[in-house]
Amino acid sequence: MSNYDYLIVGSGLFGSVMAHELKKKKKKILVIEKRAQPGGNIYCEKIEDINVHTYGAHIFHTNNKEVWDFVNSFVSFNNYINSPIANYKGKFYNLPFNMNTFYSLWGVTSPQAAREMIKKQQGEAGIHKSENLEEQAISLVGRDIYETLIKGYTEKQWGRKCTDLPPFIIKRLPVRFTFDNNYFNDRYQGIPIGGYNTLTEKLLTGIETLTNTDFFKDRTYFQSIAKNIIFTGRIDEFYNYEFGKLEYRSLKFETEILDCENYQGNAVINFTDYNTPYTRIIEHKHFEFGTQAKTVISREYPAEWREGTEPFYPINDKANDELHKRYYELTLKEKNVMFGGRLAEYKYYDMDKVIEIALSKAEQLHAKN
Ligand SMILES: Cc1cc2nc3c(=O)[nH]c(=O)nc-3n(C[C@H](O)[C@H](O)[C@H](O)COP(=O)(O)OP(=O)(O)OC[C@H]3O[C@@H](n4cnc5c(N)ncnc54)[C@H](O)[C@@H]3O)c2cc1C
């Protein structure tokens, strides 16, 4: 017997936005979440009264006014602007690559001098067709920026040499010839005031939600209680890995409470040399301009993904994309199951994109049913 119109597997942004939109259309919904708390990757744990981004630093940014208005209808956003700093062997550089970076690297003080420097280095490299990531990066921004700010970070992040990585990973590298350290070009940006959990709580208000509940622990039962399923978990798992497992990169976080008010003076510092084993240190309080007596930092270590660790970044190389395509073809045959979100689509999506897609899919479902 179907008790629910929709069973939503996963309470990340995709599942929560779908749940909210379908509830508005008077549908009866059950959300199940295998973790101990809802929210997926945007969940934050409160430590020392600081919102700690448990699954990696999340900064909301979008150009989409509809999405911005949507999230602001639940929670107001602060005016945090992401301006990460790169630490290369103890020297600091501003990111994204801009006039401040070029000044620190070369002492140049005009956009024209910076352009000439990059052009000179591109010419010296003499690369006509990039065969790997290293050549691609040097042909885009020259050898100095590549070696100081890209090489070590990228090799740590992917666990492979830049000469063994495909060039397509960096199609473009944003270079700015102004003194502007704002990482994003989007019109709207910020962190929810009070943290991301407020957004999740508001989205799921009035919706039956079971945490610590894994769909695969009792699949037959869960399939029997709802007319339709919205699945936001791993697509290969849904099909019992029948074609094989999709691969991911993972991260390990080493989180520490420090007995000081301000540890590094910025929310995000990237360590771009190869020998520092972590890629970033996040000081969480700075996302919300915190003034607490203590601070909490997380060192971020890239890691190979294996079963039991978090599948963070899909590896969209040829083999994995082809594998995903085979699973995707199976989804087309499903009548009452809809797939969405980063794990089901095996795609990296920023939060705004996930919300945009969920809003539009909810509209389509409503039109259909
Ligand atoms: C390290 C990192 C940093 C990021 N930073 C940013 C950023 O700064 N800005 C930005 O816009 N985006 C960022 N993102 C992207 C953002 O996390 C995603 O856009 C968003 O989380 C996607 O939501 P989702 O619902 O698709 O997936 P998720 O948030 O992963 O939610 C899926 C949920 O489904 C649950 N689930 C899976 N399988 C089952 C099952 N079998 N049964 C029950 N529940 C299940 C999972 O536990 C999870 O809670 C970042 C991503 C990562 C990995």
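Odds and ends about this structure:
- C-alpha long axis of helix 13-24 to longest principal axis of the chain, angle in °: 40 degrees
- The angle between the Cα long axis of helix 111-125 and the main principal axis of the chain comes to about 90°, on a 0 to 90 degree scale.
- Cα gyration tensor shape of the chain, rounded if a/c is under 1.5, else prolate or oblate by comparing a/b with b/c: prolate
- Spin-label model, Glu334 to Glu45: label points 7 Å out along the Cα-to-beta-carbon direction sit 3.1 nm apart.
- Choice from Thr220, Thr62, Thr272 showing the highest fluctuation, given a GNM over the chain with Cα pairs closer than 10 Å: Thr220
- Long-range amide H partners of Phe184 with built H, under 5 Å: Asn82
- Student exercise, the chain dipole from Lys, Arg, Asp, Glu Cβ charges, in Debye to nearest 20: 840 debye
- Our helix-only sum for the chain, with -39,500 (n - 2.57) per DSSP H run of n ≥ 4 divided by its residues, gives a mean residue ellipticity at 222 nm of -8500 deg cm²/dmol.
- Taking a quarter of the surface of the Cα convex hull of region 70-194 gives a mean projected area of 9.8 nm².
- Amide H to amide H distances under 5 Å link Met338 with Ile229, Ile230, Phe231, where only residues 5 or more positions off or on other chains count and H is placed in the peptide plane.
- Stretching the chain fully between Thr109 and Glu310 yields a gain of 68.0 nm (0.36 nm per residue, less the alpha carbon separation).
- Modelled label positions at Lys245 and Asp69, each set 7 Å beyond Cα in the direction of Cβ, lie 4.5 nm from each other.
- Antiparallel %, DSSP beta bridges [both residues in the chain], to 5: 65 percent
- Candidates Leu199, Met338, Thr213 compared by Cα position along the dipole of the chain: farthest toward the positive end lies Met338, with charges placed on Cβ.
- Given charges at beta-carbon only (K, R positive; D, E negative), |dipole| of region 229-369 in Debye: 440 debye
- Pairs of alpha carbons in region 27-138 whose separation is greater than 22 Å (percent): 63 percent
- Taking the accessible area of the chain, probe 1.4 Å, and keeping the other protein chains in place, the carbon and sulfur fraction comes to 49%.
- Unit charges at the beta carbon, dipole of the chain: most positive-side option, Val31, Val108, Tyr248: Val31
- Most mobile of Pro314, Pro174, Pro192 in a GNM of the chain (Cα contacts under 10 Å): Pro174
- Ranking by accessible area, most exposed first, for Lys161, Lys361, Lys119 with a 1.4 Å probe: Lys119, Lys161, Lys361
- Summarising the amide proton neighbourhood of Phe60: residues at separation of 5 or more, or on other chains, whose placed amide H is nearer than 5 Å comprise Gly190.
- Residues in region 280-315 reached by a label modelled at Phe216 [backbone nitrogen below 20 Å; 7 Å Cα→Cβ]: 304-315
- Across region 137-149, coupling constants 3J(HN,Hα) worked out from phi with the 6.51/-1.76/1.60 Karplus curve, θ = phi - 60°, read 5, 5, 5, 8, 10, x, 6, 5, 5, 4, 6, 7, 10 Hz, and Gly and Pro carry x.
- In this structure, the pairs whose alpha-carbon distance is over 19 Å, taken from Lys89/Lys285; Lys24/Lys46; Lys325/Lys368; Lys24/Lys202; Lys27/Lys202; Lys25/Lys202, are Lys89/Lys285; Lys24/Lys46; Lys325/Lys368.
- GNM flexibility winner over the chain from Ser104, Ser16, Ser76 (Cα, springs under 10 Å): Ser104
- Folded to 0 to 90 degrees: helix 318-331 orientation relative to the chain principal axis, Cα: 20 degrees
- Here the 3J(HN,Hα) profile of region 293-305, calculated from phi with Karplus coefficients 6.51, -1.76 and 1.60 at θ = phi - 60°, is 5, 10, 9, 10, 10, 10, 8, 10, 10, x, 8, 5, 8 Hz, Gly and Pro shown as x.
- The magnitude of the dipole of region 94-192, with charges of +1 and -1 set on the Cβ of Lys/Arg and Asp/Glu and taken from the Cα centre, is near 160 debye.
The values are calculated or read from the model by the stated rules, or taken from the named source; none is laboratory data. These numbers come from a predicted model, not from an experiment. Because the Cβ atoms are built from the backbone with ideal geometry, glycine has one as well, and the counts that use them run over all protein chains shown. Calculation scope for accessible area: heavy atoms of the full protein, side chains included, ligands and nucleic acids excluded. Shrake-Rupley method; radii C 1.70, N 1.55, O 1.52, S 1.80 Å.
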